[in-house]
Amino acid sequence: MELINNLKWRYAVKKYSEELISENKIDQIIEAINLTASSCGIQPYRLIVVTNPEIREKLAEGSFNSQIKASSHLLVFAAFNKITNEYITEYVAMMEKQRNLEIGALNDFRDVLLSHFSTQTPEQNAIWSSKQAYIGLGTALIAAAELKVDATPMEGFDPETFNEILGLTEKNLHASVILSLGYRDAANDYLASMSKVRLPIDEFATKL
Ligand SMILES: Cc1cc2nc3c(=O)[nH]c(=O)nc-3n(C[C@H](O)[C@H](O)[C@H](O)COP(=O)(O)O)c2cc1C
């Protein structure tokens, strides 16, 4: 399948060229992320797309990752801090609407979610939400590779700086993981010509 070739083509780019990604490609990557599966289907994270150079300069402060600033786009996967009853209720109402169900048709499902999340601490909510955000990150990497857009997933950033500059805390969000997007500067990126390093398949996967 072509996906394997695209995954062999991609690598975590260190140095980007000045070339910008078209809005159409960015929109396709965003749509792919929105289509990502999430536990209970409630998408407990949001995506912030940052292009503004001044904001990106501030976000990059204190980070060893120059790609935060020097790339075409920066995606911030911002996970929920808490899963609130209001959010669950509104999301389930949206499910009923989008599936043309009667109001209240999914009450049992909603109540299971309300009861489950009421037993979780805010810290558990935040960790769970962050895990869901990482699944979106995986989709973004695959979508970018299919479009031959380069990408670098990054945990090397200061979440507090991101939360503050992007005003995430007051929106019940926290920066979980980030992804720069752009086009590789192959002549100046030492990784561009390096072989991909992966375990032999037999060591990685066990078939029983
Ligand atoms: C969750 C996550 C966080 C990462 N954080 C960084 C980072 O902060 N800076 C960086 O240059 N690369 C980062 N990487 C890239 C990895 O180092 C890279 O994916 C790995 O070495 C495998 O190489 P490849 O992606 O080029 O195939 C991260 C990757 C993942 C999946």
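Below are the figures for this structure:
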quantity: Degrees between helix 107-118 axis and first principal axis of the chain (Cα, 0 to 90, nearest 10); calculated: 70 degrees
quantity: Exposure proxy ranking, count of Cβ atoms within 10 Å, fewest first, for ASP108, ASP158, ASP150; calculated: ASP108, ASP158, ASP150
quantity: Between 0 and 90°, nearest 10: helix 23-34 axis offset from the chain longest Cα axis; calculated: 50 degrees
quantity: Label-point separation in nm, TYR134 to LEU7, each point 7 Å along Cα→Cβ; calculated: 1.7 nm
quantity: Exposure proxy ranking, count of Cβ atoms within 10 Å, fewest first, for LEU147, LEU179, LEU191; calculated: LEU191, LEU147, LEU179
quantity: Total charge dipole magnitude, the chain, about the Cα centre, Cβ charges on Lys, Arg, Asp, Glu only, Debye to nearest 20; calculated: 520 debye
quantity: Highest-MSF residue in the chain out of TYR16, TYR134, TYR87 [GNM, Cα springs under 10 Å]; calculated: TYR87
quantity: Viscosity 1.567 mPa s, 4 °C: Kirkwood-radius Stokes-Einstein D of region 6-124 over Cα pairs, µm²/s; calculated: 74 µm²/s
quantity: Helix 85-98 vs. the chain, principal-axis angle (Cα, 0 to 90°, nearest 10); calculated: 90 degrees
quantity: The chain: relative contact order as a whole-number percent, Cα under 8 Å and 6+ apart; calculated: 36 percent
quantity: Computed over the chain, the ratio Rg/Rh where both radii use C-alpha atoms and Rh is Kirkwood; calculated: 1.02
quantity: Sequence of SER129, SER39 once ranked by neighbouring C-beta atoms within 10 Å, starting from the fewest; calculated: SER39, SER129
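Read-outs: derived from the displayed coordinates by stated rules, not from any lab. All figures in this text were calculated on a predicted structure; none of them were measured in a lab. A quick note on method: Cβ atoms are made from the backbone with ideal geometry, for glycine too, and the neighbour counts reach across all protein chains shown.
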